[in-house]
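Student: The structure follows.
The values are calculated or read from the model by the stated rules, or taken from the named source; none is laboratory data. Keep in mind that what you see is a predicted model, and the values were worked out from it rather than measured. Neighbour counts are summed over all protein chains in view; Cβ atoms, including those assigned to glycine, are modelled from backbone coordinates with ideal geometry. Ligands, DNA and RNA are excluded from the accessible area calculation, which covers all protein heavy atoms including side chains. Shrake-Rupley method; radii C 1.70, N 1.55, O 1.52, S 1.80 Å.
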Amino acid sequence: PAVTSPCKILKCNSEFWAATSGSHHLGAEEAPEFCTALRAYAHCTRRTARTCRGDLAYHSAVHGIDDLMVQHNCSKDGPTSQPRLRTLPPGDSQERSDSPEICHYEKSFHKHSATPNYTHCGLFGDPHLRTFTDTFQTCKVQGAWPLIDNNYLNVQVTNTPVLPGSSATATSKLTIIFKSFQECVDQKVYQAEMDELPAAFADGSKNGGDKHGANSLKITEKVSGQHIEIQAKYIGTTIVVRQVGRYLTFAVRMPEEVVNAVEDRDSQGLYLCLRGCPLNQQIDFQTIRSAQATEGRARRKGPSLPAPPEAFTYETATAKCREKLPVEDLYFQSCVFDLLTTGDVNFMLAAYYAFEDVKMLHSNKDKLHLYERTRDLAPGNMAPMGTHPTLWVALLCLCQCWLCLL
């Protein structure tokens, strides 16, 4: 755990912060003092380099030091100094005492470098998964599966059958573990189940515990029993959990370097938000949807599904989903699929809120909508999956030209 790690980067950060407190107001004649403190900071990071391998704060500090050296024309060779100790004035605010800056990702790790690249992952419905790389899948994944598992955060979902004897599943339980992180937060566990969406961690608290940076982890209840938001500022992460009908939805916004902060990438094969669902757990709902359009209801391989509580035809399901999702993207198609499979109108709302969360959390507004690679053709005339129709046109023209030459 980070709390017992021999990595001393936090000490280096705090010493530099104390030594340069107010230094952004220094005049040009005091710049050498800043460079001296910066060299001391670099020396401190070098001393702890071996024990900080893989530590996000360490690598961010090293990059920040290099940038500051260039900005202030500091020489890497020269005197270093012991930092001045800085004490907070009496009555200082909680937010001020929540420093060091390491407890605020955007202010500390990237203060002197490029804006971090944020990624998004979401899970909703029967269930449909949007990965950190914007891959969209429909999966079976019955039982417990890890969504996220990195050095700072672990998220696990449990999916259960929607109807007895059906392969359609939805998320009935969610567990989120925020791992202890230096001076910022204690380990915290959040658990939600069907008909129980608490607005607090498992221990009853609403923040990161007793550490100085506790408020860098907070739970906010948006709608009682239906919508909570967790802000983990120390890792630049926002999580949204909803209960829609009986089932849960999950959405997260996370910096790319936090996503990739894992000890062994090869062991992350079941990390669904990063790698997607295993092939044997994926459902090609686009093929099934073609059958739904002609048969009036979903049919999957194996035994026929029990009759859903409310019967939707392809036409009525399409009309219902269009009420909330006017763009016929994969969220719309997921909605149609879920209504035909379950007959539960709440799955339409799950798709709608999943897309609303994407609009709030995704950093690239050009990637909000996702579409199929090929358009649907009339039954009996479907192009092979992944083959673009224009390719067939080009091949036909080529054949005609060859015949003319003959």
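Student: Can you tell me the FRET efficiency between Asp203 and His369 if r is taken as the Cβ-Cβ distance and R0 is 30 Å, rounded to the nearest 0.05?
Tutor: Once rounded, the FRET efficiency stands at 0.15.
Student: Can you tell me how much longer the chain between Ala144 and Lys11 gets when fully stretched, taken as 0.36 nm per residue apart minus their C-alpha distance, in nm with one decimal?
Tutor: 44.0 nm
Student: Let me ask something additional. Please calculate the 1.4 Å probe accessible area of Arg322, with all protein chains present, and give it to the nearest 10 Å².
Tutor: Near enough 100 Å² of accessible area.
Student: Relative to the present Cα-Cα distance, how much length would full extension add between Asn346 and Ser75 at 0.36 nm per residue of separation?
Tutor: Here the segment from Asn346 to Ser75 would lengthen by 91.3 nm.
Student: If you stretched the chain out fully between Arg47 and Gln187, how much longer would it get, using 0.36 nm times the residue separation minus the C-alpha to C-alpha distance?
Tutor: 47.6 nm
Student: Using the Kirkwood formula over every pair of different C-alpha atoms, what hydrodynamic radius in Å results for the range 103-276?
Tutor: Roughly 16.5 Å, rounded to one decimal.
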